[in-house]
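A.B. asks: One structure, pasted below without further comment.
The values are calculated or read from the model by the stated rules, or taken from the named source; none is laboratory data. Note that the structure is predicted; figures quoted are calculated from it, not measured. Neighbour counts run over all protein chains shown; Cβ positions are idealised from the backbone, glycine included.
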Amino acid sequence: MMKSELLLFPLPAIGHLVSMMQFAKLLVNQDKGLSIRMLIFKLPLDVNFNLYIQSLYAETTRGIEFIQLPDPHVSPKPDNPLAWQSELVDSNKPHVRDFVAQLKNSGSSRLVGFVVDMMCTSMIDVANEFEVPSYVFYPCGAAILGLSIHVQSLADDSKQDISQYKDSEKELSVSSYINPVPAKLVPGSMFDKEGFNLKLAWRLIGEARGIIVNTFLELEYHALTDLNSNPKIPPIYDVGPLINVAGTSAKQQETDTIIRWLDDQPTASVIFFCFGSFGSVDSNQVKEIACAIERSGFRFLWSLRRPPPKDRLEYPSEYENFDEVLPEGFFERTARVGKVLGWAPQARVLAHAAVGGFVTHCGWNSVLESVWFGVPMAVWPMYAEQHMNAFFAVTDLGIAVEIKMDYKKNSTEDLVIADEIEDGIRQLMEPEGEIRKKVKVLKEKARTTLIEGGSSYISLQRLLEDLLFSAD
């Protein structure tokens, strides 16, 4: 019997690749006859991404093979990263065409589909050329997927000038959210009439056979019910939470040091500050955070990264000496209760019983990890869709408190003062707080959704049936 082959196209960024890798593992575990090839192209910005790729090559996972595409040598565009990413994806189309043609001509397997990251939807063009069904992998939540489609309908169906909403005080009534959405929290790029969002929404509705979303029914019941009731939208497959709960094997020595420190702390006593792979704040903001931490008196673990130059599209780097940015004497005064570090193994930290609160930028992976480990959040979004994730966690779910919901990372005027930060972390660490109770309930639901009979398990089965049926 000829084996079934599925091609996956992740965006070469840690936050996207990790969830797609978890998705691939779920697929091959449920269907032993399915073979997956993950086509990888390089993103020159992210050293950690390349390290993670090397660890994947060394990892033996039955049914999953990694194909490294040639380096297209596309130069970064700091002023327009979305356009640069699009150019990077497009430049790989010829290599993908050659690979697919060779695969089909070999006759050794049947190609059942493409699964393309939401940032790689131009690869649908290649799938269409070979008459192969394509599915879009959406690594964010269902509510913001609904928002994306809603904005597209405003522009196309209602013929509205959507640019009027950018950074405005208006509210949008979006059916995938329980509460009205403040327009100023929506990524400004969504209101670009010629931008990525409208093109993505159009392809999702017009060309995708299905949309695979990194969420689960019990977390986003309202949004998923809304999306599934819309006849214009392709089938939604909620298959999450897709997170790597073990973390990566990189930097094991640093990880061991952090875990040993946490082992010595009381249960649920530590606040974890971490703003993600792209997250950093300037020196003035660092001092406000330090002041709030010190005044609060809570134990803390703080992942502190150096911001990249403003005119360059780079990831944050490590400080050689934290004294250059922290208030004088901070280390000495907090030595018994806290630890400042650079990179941090986020999943491993959140899994530790000593961690009682998470101050986060609210990337979707971080939200899911917070839920999986039952750690309440204090939200401080910085860019992209993080403001909407924060709004959803605070307002619709009630599993987070706000530090600064409408923070603008590159605004020189938007300094969050120590009083605001201290107030947020005191609410966060309330031992009998309502958010702590709610996130513990969601934790139990997250642990059952992917096992046999769970909602995401069933959704994944539906996807597999559709994949295999479409190829017949």
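A.B. asks: Among the residues of segment 247-273, count how many are part of a loop (DSSP other than H, G, I, E, B), modelled with pLDDT under 95 and surrounded by fewer than 17 Cβ atoms within 10 Å (Cβ to Cβ).
C.D. replies: 2
A.B. asks: Only one residue in ARG336, ARG312, ARG348 is surrounded by 15 or more Cβ atoms within 10 Å (Cβ to Cβ), farther than 19 Å from ILE403 by Cβ and of a type in the set (D, E, K, R), so which one is that?
C.D. replies: Step by step, each of ARG336, ARG312, ARG348 is checked, and only ARG348 is surrounded by 15 or more Cβ atoms within 10 Å (Cβ to Cβ), farther than 19 Å from ILE403 by Cβ and of a type in the set (D, E, K, R).
A.B. asks: Same structure again: I need a count of the residues in segment 196-205 that are more than 19 Å from the chain's Cα centre (by Cα), closer than 16 Å to LYS159 by Cα and surrounded by 17 or more Cβ atoms within 10 Å (Cβ to Cβ).
C.D. replies: 1
A.B. asks: Which residue pairs have Cβ atoms closer than 7 Å, lie 6 or more positions apart in sequence or on different chains, and pair a first residue in segment 217-245 that is free of Cβ contacts under 8 Å to residues at least 24 places away in the same chain with a second residue that is in a helix (DSSP H, G or I)?
C.D. replies: Close Cβ pairs satisfying both conditions: none exist.
A.B. asks: Could you tell me whether any residue of segment 142-153 is part of a loop (DSSP other than H, G, I, E, B), in contact with an Asp or Glu (Cβ under 8 Å, 6 or more places away or on another chain) and either buried (at least 23 other Cβ atoms within 10 Å of the Cβ) or at pLDDT 95 or above (or both)?
C.D. replies: no
A.B. asks: Looking at segment 455-462, can you tell me whether even one residue there is in contact with a Gly (Cβ under 9 Å, 6 or more places away or on another chain) and in the same structural domain as GLY276 (by TED's automatic domain parsing)?
C.D. replies: Looking for residues that are in contact with a Gly (Cβ under 9 Å, 6 or more places away or on another chain) and in the same structural domain as GLY276 (by TED's automatic domain parsing), one finds none in segment 455-462, hence no.
A.B. asks: The conditions are (1) polar (S, T, N, Q); (2) out of contact with any Gly (no Cβ under 9 Å at 6 or more places or on another chain); (3) touching a residue at least 12 places away in the same chain (Cβ under 8 Å), and GLN160 fails exactly one of them. Which is it?
C.D. replies: Of the numbered conditions (1) polar (S, T, N, Q); (2) out of contact with any Gly (no Cβ under 9 Å at 6 or more places or on another chain); (3) touching a residue at least 12 places away in the same chain (Cβ under 8 Å), the odd one out for GLN160 is (3).
A.B. asks: Being among the β-branched types (Val, Ile, Thr), more than 20 Å from the chain's Cα centre (by Cα), surrounded by 14 or more Cβ atoms within 10 Å (Cβ to Cβ) and closer than 29 Å to PRO241 by Cβ is true for just one of ILE162, ILE64. Which residue is that?
C.D. replies: Unique residue meeting the criteria: ILE64.
A.B. asks: Moving on to the next point. Kindly evaluate THR225 against the criterion of being out of contact with any Ser or Thr (no Cβ under 7 Å at 6 or more places or on another chain), surrounded by fewer than 20 Cβ atoms within 10 Å (Cβ to Cβ) and within 18 Å of GLY146 (Cβ to Cβ).
C.D. replies: yes
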